[in-house]
Amino acid sequence: AKDMWRAYRDMREANYIGADKYFHARGNYDAAQRGPGGAWAAKVISDAREGIQRFTDPLLKGTSSGKGREDSAADQFANEWGRSGKDPNHFRPDGLPDKY
């Protein structure tokens, strides 16, 4: 959970357009590097977050378009990418400060 929180905190701090998928992949990657328990926790947290977001986004953002489902699927792809041990930098946008 600590790795997921750190990636989320960094994403909020960076506030960088196009970096969302990178932070999803990085949080899952870092958690999975801790072993099977970390990968399991990352999956549970990621699935819960995306599930909650499917219900809250239409209410909070006032939209019911399919864009939310597409974005959620893209987030889950990045989550799985990171959990599988693939390099999260695949999703890193050009210009994101090296700090992240």
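The values are calculated or read from the model by the stated rules, or taken from the named source; none is laboratory data. Everything numeric here is computed off the predicted structure, so don't read it as measured data. Cβ sites come from the backbone with ideal geometry, for glycine too, and all protein chains shown count toward neighbours. With ligands, DNA and RNA removed, areas are computed over all heavy atoms of the protein, side chains included. Shrake-Rupley method; radii C 1.70, N 1.55, O 1.52, S 1.80 Å.
Quick one: helix 20-32 against the long Cα principal axis of the chain, what's the angle to the nearest 10°, folded into 0 to 90? Helix 20-32 sits roughly 40 degrees off the main axis of the chain.
Against the main long axis of the alpha-carbon atoms of the chain, helix 67-83 sits at an angle near 10°. Once the Cα atoms are used to define both axes, helix 2-14 deviates from the longest principal axis of the chain by about 60 degrees. The ellipsoid equivalent to the alpha-carbon distribution of the chain has semi-axes of 21, 17, 12 angstrom, derived from the gyration tensor eigenvalues as √(5λ) and listed largest first. Calculated [222 nm] ellipticity per residue, helices only, for the chain: -23000 deg cm²/dmol; basis is -39500 (n - 2.57) per DSSP H run with n ≥ 4, divided by all residues, nearest 500. In the range 1-91, Cα pairs under 8 Å separated by at least six residues give a relative contact order of 40 percent.
Counting only protein heavy atoms and using a 1.4 Å probe, what share of the accessible area of the chain belongs to carbon plus sulfur, as a whole percent? Reported share for carbon and sulfur atoms: 57 percent. Annotation: peptides 6-15, 51-60, ranked by per-residue average of other Cβ atoms within 10 Å with the highest first, follow the order 6-15, 51-60.
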